[in-house]
Every structure is written in C-alpha cells, then in structure tokens.
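Peer 1: Okay, handing you the structure first.
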Amino acid sequence: MKISSLMKEELKKHFLAKLKQRNDEVTIVSAYPLSSSEIEGIKKIVPDLKLSKINNEVDEKLIAGYIIRKGSKMIDLSLQQRLAKLQQLSHEAL
Amino acid sequence: MKLFDQYLKEVEKELGSKKTQVKTAEVGTLVEIKDGVAIAMGLDNSFYGELVEFTSGVQGFVIELMEDSVGIVVLGDYLTLEAGSRVTATGKILSLPVGEELLGHVVDPLSASLENLKLKTKKRYPIERIASGVVYRKSVTVPLQTGIKAIDALIPIGRGQRELIIGDRTTGKTTVAIDTIINQKGKDVICIYCAIGQKNAKVAQVIETLRSHGAMDYTIVVSSSASDSAALQYLSPYSATAIGEYFLDQGKDVLVVYDDLTKHAWAYRQISLILRRPAGREAYPGDVFYLHSRLLERACRITDEFGGGSLTALPIIETLDNDIAAYIPTNVISITDGQLFLETDLFNNGVRPAINVGNSVSRVGGSAQTKAMKSVSGRLKLDLAQYRSLAAFSQFESDLDAETKQFLNRGAKTTQVLKQNKHDVYSLAEEVAILWAAAKGHLDSLETDKIVEFESKFIDSLRTKGKDWMKRVNANKIMDEKDEKELEKLVKSTL
C-alpha cells in the first residue's frame, strides 16, 4: 500500500509535535515508585524541574538513586551507574 | 600478592580523587546495529565527529546526523553492543594521544600501543584537522632523498610534496616507501608508516625490516590490519597524519607513508553503504574524492615565519592490471603532485625498482633537487627519452646508423645503472657519482651485464678511496670542476 504524500506530511507533523511535547516533559526513573513528597524533594534540588510535567518510571535495575531525563539530556544519579563506573575503573587500573 | 595490593591502591586512589559529580549527560538509545555502524535515537545535541561511549565501554564517533537519529561508527568490538542500551556523548571531538613517546612503537589508529605498552603521551590532537591555508605555505625547496637512484635523479621528491606510488600487486610499491624511510636515517626526518587493511604478517615483516636497518628509532608504525573493523581502517590515515602534525607543529620534517589508499577507499565504501548513502561509480559514495583530497591536502611545507617544518605524503595505490584509469587511481593521481608508476613487466624483466620512467612525473620536486644531482640528471633524462623512442622501432630494423646505435647503447647502460637492490640505499654523493659515470659515457664501452659488477666495485672504491670526495659532495650538495676531475680519475681506475 502506498501512502499519499499529503498523508505523509500530516503524519510527520503529528509525530514532530508529539516529539516536542515529549521533549518538554521530564521523566524521573527510579528503582521504586516515588511518592509525591519524594518528587518535591528532588524539585528542591533541581529547581529547573518546577515548571515541567513530571513522569515517574520504575526500573529495578537502578538498585537505588534516580535518573532525571529531559529530551536527550540526562542526569544519572543511580547506584547502577556508579557501580558500572567502579567496574570500568578496576579494569583500567589493571 | 604485592601486585594485588598495588592494584587495590590504584583503584582507591582513582576513587578518592573524584567526588560525586552531578553532570548532565547527552544520551541516546541504540536502536540498530549493523556491521560496525550503530544507529541511535536521541543525542539531539551531538555534533559531527563527536566521540560517544556505549555502556560496554566501547567508543564510537558520530559520522552521520539524520533528522531524528545519528549514525555512529563503532571503534572496537561491536558484537558486545545491545539494541536498547544507552549511548552517552562525551562532548569531545575524535582525537588521539600524540608525542615523541610514540617514536619506535607500533600503535593502532587511536594510538594505543599494539605491543601492550603504556605510552605516556601528554598531548592530544584531533584526528581530522583542516589543512594549513595558503598564507602558511611555501613551495617545496628541500629535497627528500629517497636513496633510490631512479627516483632522486628522474622523479625527485621534495619535502612537503605528495607523491603517489602506484602499481599492480607485487611490483615493489611498499619496498620503495620502506627504502625511503630507511634512507632518512640521520636526516632529521620523522617517519610514519601507516598500514591500512594490510595483512598482519606483511606489517610484521615491514617492522622487522625497519628495525634491522635501525630505522625504528625515528619511525612510528600506525597499523590497522585486514581483521580490524572498517572504522579503524577508515581512521588510520587521518590518525597517522595527526601524529605527523604534532611533529610538524614543532617545525620538524615529517614523512608519512599511506599503504594503501585503495583499501582505505574500500573501508569507507563499506561504511557508506551500511549507512545507506547513495552509491555512485563502482559503488563508492559521492564524497570519495573528498575522502582523499582532505587527507593529502594536509601535506604541506610551512613558511619559517610560522615555524617551518614539512609533511611529505607518500600515498600508495594498488591497481588491477595496470589500469591507472580506474576510479580511485585517477582521483588520487589528480590530487597528488606526481606519481611513481611501477610496472609488472619491468619488474619481471629484472628492472628493479620497476619504475616506468616515461609515465612517472614529479610536478614540484624538480625545484628541490640539489645542484649536484641536477648537473647529472638533465643529461640522463635526455638519454633515456631518446632510448625509449628509438628502442621501440629499432627492433624491426637490422642495419642502424652509428649514431642510433650509440643512443641505444647509452640507453641500455643507463637503464642498467638505474637498477638497485632493495633496502640498499645510496647517499647523494654515491648516486651522483654512478649516474655521472653513465651520463658522461664512461660506461659505454662496458658490456651490459658487467655494469652491475662495475657498480659494486665502483661504490666500494668510492667508499674507501673517495671518502673525502663523498664527504664534500654530501655536505656542499654541489659538484665543481675539481670534483668532477677527481671523480673521473676514480671511474677510470675502477674500469
């Protein structure tokens, strides 16, 4: 099936709009669901978050800590990442 | 146990030195992995040529920025990568450690030692750099002696020149380049041999040759073998040039040999096809000309005002069936300042180095030739040109006049004199002496198959009896009447 070029344009516009919207949102990934007070706590440390809509995702692999993500920017404060760094370091020191 | 303690201490030190830093990182997600090339979503603010890191610690660099994804060339083992894993941008442009510490070592295109040594370099240089502009450059004036009679006399190369070595397989292309490196001993030239897509056995052989001639002291070997990823093969000539530029910036003379650019073009073709870039002639991408022109443009000779120094490039191209009109050969021929054309027929006829003097040119090297060499090479060129034009039709005619016979005789003798054993490099004075003997007609009366014998005897007596003469010519780079008379005496005593 061939998609008409008009439809393609519309689809593209729609996806780009969606992408933009998603880029404005902030996702906090944590090892367990965060309570609203915990999110408030994070907001205090990172004042830039105050204006954005915040999603909470759960990823048990993080073990502890959290990751803040906005668009392609990311702040990684998880234990997983620190352990990975330690692993890398112990390899390099050899 | 002691080693283990030391190791722990090292880790502790590293950990202690870094406080927990909160850093915003630019990340993306790996969505596609093809042979050596990865496609990632995200990385919205990454730039062309940026170094990125995968979760496994493998690095890569951005080679394509698409609307919503980026193409990344993986430097290292791409089999460990997983789709869906994170890619972190480092904010650094692709660069490599450079310095004097690399001298005498064999390194990969990211200048990690292939001998598992820790090379303590202090500086980093970007792998890609825009070539020096016109204000910084001056024309070639100093010769780069190759130590090969045929080249130094007929197709002279100057420091800062780009001279292509082109020919079929097993015609002695690498040998010409290696001999040139060997001849740079004590001439204050840093040499870099860059192997691209070569067999490891061949590279090992080259290194062994350089080492046995004491050439490794001033040479760096940058190697990406046939089993390395296309990405590393693609990078290695740029890396070699970057290492060369470090020495260039210190006002030194550098010689870089790229062995060979055909395989480099193949590696780039592979990457481009995987990235689905439109394929052109012979399936090479549209920018394959720029691939080599931006590399060879980095060869230059800098004015003294900006520190001096030069970077001479000797790219090698392998042809199929002597076809110099193929795509990549014509491209590189048009980029370089001349070419040395090596032929299988000549090689099999025992003319080694198998340089086709008629098809080989050096567009700028002539102005860099020393006076001593110029005084003999002019006559030599003339003799050879006449010989070539006469040799073709003289085969059909039986009775030739005396003059033609003399031309043919002289030509045959000169061709003999231009033969040279591999790795047996000549100093300027030695070259001048033997070529002078041929050009002045002293060898005309000798039989053709006695020339080689005469030459070895002559060089021997030159190295013993003519020691002072050699010293003088090598130092002054000029031959006056007195020198010529002395040389004539030497030639006659050997004959």
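The values are calculated or read from the model by the stated rules, or taken from the named source; none is laboratory data. Predicted model, so just to flag it, every value in this text is computed and none were measured. FYI the Cβ positions are ideal-geometry reconstructions off the backbone, even for glycines, and counts take in every protein chain you see.
Peer 1: Considering only the stretch B:305-337, state which residues are surrounded by fewer than 20 Cβ atoms within 10 Å (Cβ to Cβ) and closer than 18 Å to B:Leu144 by Cβ.
Peer 2: B:Gly308
Peer 1: For A:Val58, only one of the following conditions fails: (1) of a type in the set (A, V, I, L, M); (2) more than 9 Å from chain B (Cβ to nearest Cβ); (3) touching a residue at least 12 places away in the same chain (Cβ under 8 Å); (4) within 30 Å of B:Glu67 (Cβ to Cβ). What is its number?
Peer 2: Of everything listed in (1) of a type in the set (A, V, I, L, M); (2) more than 9 Å from chain B (Cβ to nearest Cβ); (3) touching a residue at least 12 places away in the same chain (Cβ under 8 Å); (4) within 30 Å of B:Glu67 (Cβ to Cβ), A:Val58 misses just condition (4).
Residues are listed down the side, and each one gets a yes or a no for (1) at the interface with another protein chain (Cβ under 9 Å from one of its Cβ atoms); (2) among the hydrophobic types (A, V, I, L, M, F, W, C); (3) surrounded by fewer than 17 Cβ atoms within 10 Å (Cβ to Cβ):
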| residue | (1), (2), (3) |
| --- | --- |
| A:Val26 | no, yes, no |
| A:Ser30 | no, no, no |
| A:Pro33 | no, no, yes |
| A:Ile42 | no, yes, no |
| A:Ile67 | no, yes, no |
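Peer 1: Additional query: So in the stretch B:45-56, with the set limited to residues that are surrounded by fewer than 22 Cβ atoms within 10 Å (Cβ to Cβ) and within 21 Å of A:Asn23 (Cα to Cα), which one is modelled with the lowest pLDDT?
Peer 2: Checking each candidate, the answer is B:Asn45.
Peer 1: Could you check the stretch B:325-367 and list, in sequence order, the residues that are over 29 Å from B:Lys413 (Cα atoms) and assigned to a loop (DSSP other than H, G, I, E, B)? Before you say what the answer is, go through the steps one by one.
Peer 2: Going through the stretch B:325-367, the residues over 29 Å from B:Lys413 (Cα atoms) turn out to be B:325-337.
Matches in the stretch B:325-367: B:Ala325, B:Ala326, B:Thr336, B:Asp337.
Peer 1: Looking at (1) modelled with pLDDT of 95 or more; (2) part of a loop (DSSP other than H, G, I, E, B), which is the one condition that is false for B:Thr312?
Peer 2: (2)
Peer 1: Still on this structure: Out of all the residues in the stretch A:12-31, is one or more in contact with a strand residue (DSSP E or B) (Cβ under 6 Å, 6 or more places away or on another chain) and farther than 23 Å from B:Gly42 by Cβ?
Peer 2: There is no residue in the stretch A:12-31 that is in contact with a strand residue (DSSP E or B) (Cβ under 6 Å, 6 or more places away or on another chain) and farther than 23 Å from B:Gly42 by Cβ.
Peer 1: What is the residue count in the stretch B:305-328 for residues that are touching a residue at least 12 places away in the same chain (Cβ under 8 Å) and either of a type in the set (Asp, Glu) or closer than 19 Å to B:Tyr238 by Cα (or both)?
Peer 2: Of the residues in that region, 12 qualify.
Peer 1: Looking only at the stretch B:454-464, decide whether some residue is surrounded by fewer than 21 Cβ atoms within 10 Å (Cβ to Cβ) and within 20 Å of B:Asn356 (Cα to Cα).
Peer 2: No, the stretch B:454-464 has no match at all.
Peer 1: Could you please let me know if B:Gly42 is within 10 Å of chain A (Cβ to nearest Cβ) and buried (at least 16 other Cβ atoms within 10 Å of the Cβ)? Working first, answer last.
Peer 2: Values: within 10 Å of chain A (Cβ to nearest Cβ): yes; buried (at least 16 other Cβ atoms within 10 Å of the Cβ): yes.
Here the answer is yes, as B:Gly42 does meet what is asked.
Peer 1: In the list A:Arg82, A:Arg22, which residue meets the criterion of being within 14 Å of chain B (Cβ to nearest Cβ) and exposed (fewer than 15 other Cβ atoms within 10 Å of the Cβ)? Give the steps one after another, and end with the answer.
Peer 2: Details: A:Arg82 fails: exposed (fewer than 15 other Cβ atoms within 10 Å of the Cβ).
Exactly one residue qualifies, and that residue is A:Arg22.
Peer 1: Kindly provide the set of residues from the stretch B:115-141 that are surrounded by 14 or more Cβ atoms within 10 Å (Cβ to Cβ), over 14 Å from B:Gly308 (Cα atoms) and not small (Gly, Ala, Ser), ordered by number.
Peer 2: B:Leu119, B:Thr121, B:Arg124, B:Tyr125, B:Pro126, B:Ile127, B:Glu128, B:Arg129
Peer 1: Checking the condition closer than 27 Å to B:Ser111 by Cβ, in contact with a helix residue (DSSP H, G or I) (Cβ under 9 Å, 6 or more places away or on another chain) and either in a strand (DSSP E or B) or more than 12 Å from chain A (Cβ to nearest Cβ) (or both), which residue from B:Val52, B:Val74, B:Val62 passes?
Peer 2: On the way: B:Val52 fails: in contact with a helix residue (DSSP H, G or I) (Cβ under 9 Å, 6 or more places away or on another chain); B:Val62 fails: in contact with a helix residue (DSSP H, G or I) (Cβ under 9 Å, 6 or more places away or on another chain).
Of B:Val52, B:Val74, B:Val62, the one residue that is closer than 27 Å to B:Ser111 by Cβ, in contact with a helix residue (DSSP H, G or I) (Cβ under 9 Å, 6 or more places away or on another chain) and either in a strand (DSSP E or B) or more than 12 Å from chain A (Cβ to nearest Cβ) (or both) is B:Val74.
Peer 1: If you go through the stretch B:57-64 one residue at a time, do you hit one that is small (Gly, Ala, Ser), within 30 Å of B:Tyr218 (Cβ to Cβ), in contact with a strand residue (DSSP E or B) (Cβ under 6 Å, 6 or more places away or on another chain) and buried (at least 20 other Cβ atoms within 10 Å of the Cβ)? Quick ask: steps written out before the conclusion?
Peer 2: Keep residues of the stretch B:57-64 that are small (Gly, Ala, Ser), which gives B:57, B:60.
Subset that is within 30 Å of B:Tyr218 (Cβ to Cβ): none.
Scanning the stretch B:57-64 turns up no residue that is small (Gly, Ala, Ser), within 30 Å of B:Tyr218 (Cβ to Cβ), in contact with a strand residue (DSSP E or B) (Cβ under 6 Å, 6 or more places away or on another chain) and buried (at least 20 other Cβ atoms within 10 Å of the Cβ).
Peer 1: Output the residue which, of all residues in the stretch B:21-36 that are farther than 15 Å from B:Leu51 by Cα and within 9 Å of chain A (Cβ to nearest Cβ), is modelled with the lowest pLDDT.
Peer 2: Selected residue: B:Val22.
Peer 1: Which one of these does A:Glu92 not meet: (1) touching a Ser or Thr at 6+ places or on another chain (Cβ under 8 Å); (2) within 14 Å of another protein chain (Cβ to nearest Cβ)?
Peer 2: So the condition that A:Glu92 fails would be (1).
Peer 1: I want to confirm something. Restricting to the stretch B:347-382 and keeping residues that are over 26 Å from B:Arg301 (Cβ atoms) and free of Cβ contacts under 8 Å to residues at least 12 places away in the same chain, which single residue is nearest to the chain's Cα centre (by Cα)?
Peer 2: B:Asn348
Peer 1: Select from the stretch B:142-172 the residues that are charged (D, E, K, R) and under 28 Å from B:Lys371 (Cα atoms) and write down the one among them that is surrounded by the most Cβ atoms within 10 Å (Cβ to Cβ). Quick ask: steps written out before the conclusion?
Peer 2: At the first step, the residues of the stretch B:142-172 found to be charged (D, E, K, R) are B:149, B:152, B:159, B:162-163, B:168-169.
Narrowing further to those that are under 28 Å from B:Lys371 (Cα atoms): B:149, B:152, B:159, B:162-163.
Values: B:Lys149: 24, B:Asp152: 26, B:Arg159: 23, B:Arg162: 26, B:Glu163: 29.
The extreme case among them is B:Glu163.
Peer 1: Just for the stretch B:270-304: of the residues that are surrounded by 14 or more Cβ atoms within 10 Å (Cβ to Cβ) and among the basic types (Lys, Arg), which one is farthest from B:Cys194 (Cα to Cα)?
Peer 2: My answer is B:Arg277.
Peer 1: Return the total of residues in the stretch B:113-152 being of a type in the set (Asp, Glu) and in contact (Cβ under 8 Å) with a residue 12 or more places away in the chain. Write out each step before concluding.
Peer 2: Going through the stretch B:113-152, the residues of a type in the set (Asp, Glu) turn out to be B:115, B:128, B:152.
So of that shortlist, the ones also in contact (Cβ under 8 Å) with a residue 12 or more places away in the chain come out as B:128, B:152.
Result for the stretch B:113-152: 2.
Peer 1: Might you let me know whether the stretch B:475-486 holds any residue that is outside the structural domain of B:Leu154 (by TED's automatic domain parsing), surrounded by 19 or more Cβ atoms within 10 Å (Cβ to Cβ) and either of a type in the set (Ser, Thr, Tyr) or in contact with a strand residue (DSSP E or B) (Cβ under 8 Å, 6 or more places away or on another chain) (or both)?
Peer 2: No; the residues of the stretch B:475-486 include none that is outside the structural domain of B:Leu154 (by TED's automatic domain parsing), surrounded by 19 or more Cβ atoms within 10 Å (Cβ to Cβ) and either of a type in the set (Ser, Thr, Tyr) or in contact with a strand residue (DSSP E or B) (Cβ under 8 Å, 6 or more places away or on another chain) (or both).
Peer 1: Please tell me if B:Ala25 is under 30 Å from B:Asp287 (Cβ atoms) and in contact with a strand residue (DSSP E or B) (Cβ under 8 Å, 6 or more places away or on another chain). Even if it seems obvious, please write down each step before you answer.
Peer 2: Details: under 30 Å from B:Asp287 (Cβ atoms): no; in contact with a strand residue (DSSP E or B) (Cβ under 8 Å, 6 or more places away or on another chain): yes.
No; evaluated as a whole, the condition is false for this residue.
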